[in-house]
1. Sorted by accessible area (1.4 Å probe), largest first, how do H370, H361 line up?
2. Could you look at the stretch 220-318 and say what percent of its accessible area is carbon and sulfur, using a 1.4 Å probe and all protein chains?
3. Place a point 7 Å from the Cα of N50 along the Cα-to-Cβ direction; which residues of the stretch 79-122 have their backbone N under 12 Å from it?
4. Provide the per-residue ³J(HN,Hα) series for the stretch 214-226, in order, calculated from phi with Karplus coefficients 6.51, -1.76, 1.60 and θ = phi - 60°, each as a whole number of Hz, with x at glycine and proline positions.
5. Students sometimes get this wrong: rank V237, V271 by accessible area, probe 1.4 Å, all chains present, largest first.
6. Would you check the accessible area of K229, probe 1.4 Å, heavy atoms only, in square angstrom rounded to 10?
7. Using protein chains only and a probe of 1.4 angstrom, how many square angstrom of V47 are accessible, to the nearest 10?
8. When a/c reaches 1.5 or more, the comparison of a/b and b/c decides; with that in mind, is the stretch 249-341 rounded, prolate or oblate per its Cα gyration tensor?
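The values are calculated or read from the model by the stated rules, or taken from the named source; none is laboratory data. Small disclaimer: the values here were computed from a predicted structure and weren't measured. Positions of Cβ are generated from backbone atoms using ideal geometry, with glycine treated the same way; all protein chains shown enter the neighbour counts. We work out accessible area using only protein heavy atoms, side chains counted, and drop any ligands, DNA or RNA first. Shrake-Rupley method; radii C 1.70, N 1.55, O 1.52, S 1.80 Å.
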Amino acid sequence: MSGADREQLQPAAVRNRWIVLANVSVGTFMATLDGSIANVALPTMSVELNAPIHWVQWVLTAYLLTICATLPIMGKISDLIGRGTVYNYGFLLFAIGSGLCGISNTLGMLIISRIIQALGASCLMTNSQAIVAEVFAKGDRGRAIGIVGTVVSLGSLTGPGLGGILVERLGWPSIFWINIPIGLLGFIAGWFLLPKEKSRAHKEPFDYRGSALFIFGIVGFLYTVSNGKDWGWTSVVTIGGLAVSIAVLAYFYIWENKTNHPMLDFGLYRVRTFAIGNITAFLSFIAMFFTNVMMPFYMQNVLMYSAEKTGYTMMVFPFVMAIVAPFSGWLSDKIGPNILTTLGLMINALGFALLHTLSIHEEAWVVGLHLSLFGLGGGLFQSPNNSSVMGAVPGNKLGTAGGLNALVRNVGMVLGISFSVSIYSTRLHQTAGAAGAADAQAMLDALHLVFWVAMGVCLLALAVSVRRLGKKSGPQKAAA
């Protein structure tokens, strides 16, 4: 964006910046919520749409894969034509997709509608942090991005609980209908509030080849990883799928480095703060989604909690994070992000270690207390980390940076889900065989292995994060 364009949008954007933040937070919450809210509805959909569960699983898979495939592309488009514009039309597209999901009476129509919904969600996710980083460039950036980070976690982690209540009381279409009034109001409000940058005077050619390579490579890779546990990790189809997708992604990397107008600017990873922030975020989300997936298994299959009791207990995680994240974001504006991000990862690693003390008989408040540690650690890590990442890039790259930041989060989520379920299933089969499904102790032993692996991933993130401590820590400067 040119300096003149920035001068035009900045006064109005700054004047309404907290209202802009509220609008962005609503869109971010909806987009992340719908990544997990459909999980609990899959069995009901399977019955009512007369489709086997492994086909119905595509309602979730299609949404996540579409988002992962399009985030960097939406980021590039946003840098070319304006972040506020793309974000706002994302609101409208998300609402349209949600309405189509609600009226779907066949599985095929529902999956197509979820793809449309995911395209809107990609517009929202890509630009949320970029818009906030821009309108709060002159102060309170860490605090504001801390709030966005909280909303991301609230959306991701409250989905199963809220979805269970809606499905039980109003039916599965209700999880989509609730998005429509919110999406339309968000679109109308955003039309008047969000910054409307002028598109660049000198248009860059769009990188169609790079975009196609990325979509094919990332979808192939994540689809293979998601099905590896069913196909067998050493099967020909799994190894072949991984080999082909990695080869395509390698060619994508080569192409992006030699083309004049790349879809994804790998030069951003030469910025130390940006690289460290993205790597630690990626590893952190892998570890966190080990917990997000496996703790409901523990509570329902081992402790025999009801779905409602499990949902309320799981809410402790995002509740604590909602309290801590804005404070840590505000504090990062004062002292810098380095100490806070590293401390947050240390607390998360401690949380995984303490999960091994849980037994086959535990009260809900004890489990909730353990989960609160992850809310504390996640809150301390996410806000300062996001602020440092977005503050490390130039203003005309904020859309691309926001897309990459959201991409590593979503890929981490998918890998965390796939690897945790695979490790759990493999270990359970090894220790208890076919009868293990009814053996609480065998399930707990399998869960312990999952938590050890998650702790190892978290410690790896910590080892990367400590490299920040040698650098001067201070308030983030506005991106040029």
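1. Working: H370 30, H361 145 Å².
Ranking H370, H361 by accessible area, largest first, yields H361, H370.
2. Values: 2880 of 4410 Å².
Taking all protein chains in place, the stretch 220-318 shows 65 percent carbon and sulfur surface.
3. 106-107
4. Once θ is set to phi - 60°, the couplings for the stretch 214-226 become 5, 4, 4, x, 6, 5, x, 5, 5, 5, 5, 4, 5 Hz.
5. Values: V237 80, V271 50 Å².
Result, largest first: V237, V271.
6. Its heavy atoms expose roughly 80 Å² to the probe.
7. 110
8. Details: a/c = 3.86, a/b = 1.66, b/c = 2.32.
Judged from the Cα gyration tensor, the stretch 249-341 comes out oblate (a/c at least 1.5, b/c at or above a/b).
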